[in-house]
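Asks: The structure's right below; bear with me while I get my questions together.
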Amino acid sequence: MAFAAFQTAEVVPQAPRKRSRIALFLLLPGLLYLVLFFVTPLISLLLTSLQAPTEFGDIGQYDYAFNWQNYVTVMSDYWPHIVRSFGYALAATVFALIFSYPLAYFIGVKARRRPMLQGLMLVLVIAPFFISFLLRTLAWKQLLSDESFIITSLKALSLMAPDAHFTGTPFAVIFGLTYNFIPFMTLPLYTTLERLDLRYLEAGSDLYANPFTVFRKVTIPLSMPGIVAGTLLTFIPAAGDYVNASRDFLGGPDTQMMGNVIEANFLVLLNYPAAAALSIILMAAILVLVGVYVKRSGTEDLL
């Protein structure tokens, strides 16, 4: 009996250890993927941002060093682009939320008892994903060009000055960002509102609250996870976007964002340390802003 008890005592601790090995083995492919395609490029980008020009070398030749002055240089040279990028992204996120919330509310709440209508509207929301991002933006450039029917009609109605332009302006860039990222805002909102328990809204009405108060006190707080998720999915890619603000699409010389500056430094100026430093600054700033926003909104569980 004592020998059997001793054997049992030795076997029991081995079971959790075996399960932990199996879990680690299952996690190994994902960990390798993260190391190869996230950690390694991030380290390479960080090392590139600290490089110094090769002495007596050609343009685009750099040596590994600890030249942290690169960060000071790009901050002083490109701070207007940094501010502009986050300003455009914030404006586009706000407009996307204003347009997307009523749409998501109608699909998720009002059309809940009409599955056919709900499915059709969801298809219409995700339909732009079936067309290239570049083609959609280029189409808007043609629609909003000076010779287009829309602009010529606005000028004929004296709603625009005869010599005014729409493309190449900050409003055009914000419009393009808002249009392209509206699905990223609408779908998380719909997911949250579709699960909304309507009995809470009825309870608010039974307590003599008017519709606006019910919306402000009940609907908005319950849909906050969708608002936060949609805001993050919109703001983060919009801040690093380089298509809409490009002079080849909706932007102009005075609307360049950080994405355009990074592209120019990498591909045209061959200033790899400056481009890498800007990329690190962009990522760090987004992480700080997202952390503060999620903390203030009380939805830390989303991270």
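Asks: What number of residues within region 53-72 satisfy the criterion of being of a type outside the set (Val, Ile, Thr) and either part of a helix (DSSP H, G or I) or open to solvent by less than 70 Å² (accessible area, probe 1.4 Å) (or both)?
Replies: Looking only at region 53-72, we keep the residues that are of a type outside the set (Val, Ile, Thr), and these are 53, 55-58, 60-71.
Still in the running and either part of a helix (DSSP H, G or I) or open to solvent by less than 70 Å² (accessible area, probe 1.4 Å) (or both): 57, 60, 62, 65, 67, 69-71.
Looking only at that region, the number is 8.
Asks: I'm trying to understand the selection: among the residues of region 114-163, which are among the polar types (S, T, N, Q) and either open to solvent by less than 40 Å² (accessible area, probe 1.4 Å) or under 21 Å from the mean Cα position of the chain (by Cα) (or both)? Walk me through how you get there before you give the answer.
Replies: Filtering region 114-163 for residues among the polar types (S, T, N, Q) gives 118, 132, 137, 142, 145, 148, 152-153, 158.
Passing the criteria: Gln118, Ser132, Thr137, Ser145, Ser148, Ser153.
Asks: Okay, moving on. Step by step: first the residues of region 27-52, then only those that are in a helix (DSSP H, G or I) and in contact with a helix residue (DSSP H, G or I) (Cβ under 7 Å, 6 or more places away or on another chain), then the one that is farthest from Asn67 (Cα to Cα). Which residue is that?
Replies: To start, the set of residues in region 27-52 that are in a helix (DSSP H, G or I) comprises 27-49.
So of that shortlist, the ones also in contact with a helix residue (DSSP H, G or I) (Cβ under 7 Å, 6 or more places away or on another chain) come out as 45-46, 48-49.
Numbers: Leu45: 14, Leu46: 11, Thr48: 10, Ser49: 8 Å.
So, considering only residues that are in a helix (DSSP H, G or I) and in contact with a helix residue (DSSP H, G or I) (Cβ under 7 Å, 6 or more places away or on another chain), the one farthest from Asn67 (Cα to Cα) is Leu45.
Asks: For region 83-101, does any single residue satisfy the condition of being more than 27 Å from Gly226 (Cβ to Cβ) and loosely packed, with under 14 Cβ neighbours inside 10 Å? Give the derivation first.
Replies: Taking region 83-101 and keeping what is more than 27 Å from Gly226 (Cβ to Cβ), we get 83-84.
If we keep only those that are loosely packed, with under 14 Cβ neighbours inside 10 Å as well, we get 83.
Yes: region 83-101 contains one or more residues that are more than 27 Å from Gly226 (Cβ to Cβ) and loosely packed, with under 14 Cβ neighbours inside 10 Å.
Asks: Being within 16 Å of Asp58 (Cβ to Cβ) and open to solvent by less than 10 Å² (accessible area, probe 1.4 Å) is the filter here, so list the residues in region 257-280 that pass it.
Replies: Step one: list which residues in region 257-280 are within 16 Å of Asp58 (Cβ to Cβ), which gives 268-273.
Selection gives Pro273 alone.
Asks: In this structure, does Val109 turn out to be more than 22 Å from Gly240 (Cβ to Cβ), at pLDDT below 95 and open to solvent by less than 50 Å² (accessible area, probe 1.4 Å)? First the steps, then the outcome.
Replies: Details: more than 22 Å from Gly240 (Cβ to Cβ): yes; at pLDDT below 95: yes; open to solvent by less than 50 Å² (accessible area, probe 1.4 Å): yes.
Yes, satisfied.
Asks: Any idea which of Thr192, Thr169 is under 25 Å from the mean Cα position of the chain (by Cα), open to solvent by less than 40 Å² (accessible area, probe 1.4 Å), under 25 Å from Ala104 (Cα atoms) and of a type outside the set (A, V, I, L, M)? Can you show your working first?
Replies: Values: Thr169 fails: under 25 Å from Ala104 (Cα atoms).
Just a single option satisfies the conditions, and that option is Thr192.
Asks: Answer yes or no as to whether Tyr242 is touching a Ser or Thr at 6+ places or on another chain (Cβ under 8 Å), open to solvent by 50 Å² or more (accessible area, probe 1.4 Å) and more than 30 Å from Lys110 (Cα to Cα). Steps first, answer last, please.
Replies: Numbers: touching a Ser or Thr at 6+ places or on another chain (Cβ under 8 Å): no; open to solvent by 50 Å² or more (accessible area, probe 1.4 Å): yes; more than 30 Å from Lys110 (Cα to Cα): yes.
It is false that Tyr242 is touching a Ser or Thr at 6+ places or on another chain (Cβ under 8 Å), open to solvent by 50 Å² or more (accessible area, probe 1.4 Å) and more than 30 Å from Lys110 (Cα to Cα).
Asks: Still on this structure, I have one more. For residues that are open to solvent by 40 Å² or more (accessible area, probe 1.4 Å) and closer than 18 Å to Ser145 by Cβ, scanning just region 172-189, find the one that is nearest to the chain's Cα centre (by Cα).
Replies: The extreme case among them is Tyr179.
Asks: Given the condition under 27 Å from Pro225 (Cα atoms), of a type in the set (A, V, I, L, M, F, W, C) and surrounded by 11 or more Cβ atoms within 10 Å (Cβ to Cβ), answer yes or no: does some residue in region 41-49 qualify? Can you show your working first?
Replies: Of the residues in region 41-49, the ones under 27 Å from Pro225 (Cα atoms) are none.
Checked region 41-49: no residue is under 27 Å from Pro225 (Cα atoms), of a type in the set (A, V, I, L, M, F, W, C) and surrounded by 11 or more Cβ atoms within 10 Å (Cβ to Cβ).
The values are calculated or read from the model by the stated rules, or taken from the named source; none is laboratory data. In this text the structure is predicted, and so the values were computed from the model without any measurement. When we count neighbours, we look across all protein chains shown, and the Cβ atoms used for this are built from the backbone with ideal geometry, even at glycine. The protein model used for the area step is the full one, side chains on, heavy atoms only, and it has no ligands, DNA or RNA in it. Shrake-Rupley method; radii C 1.70, N 1.55, O 1.52, S 1.80 Å.
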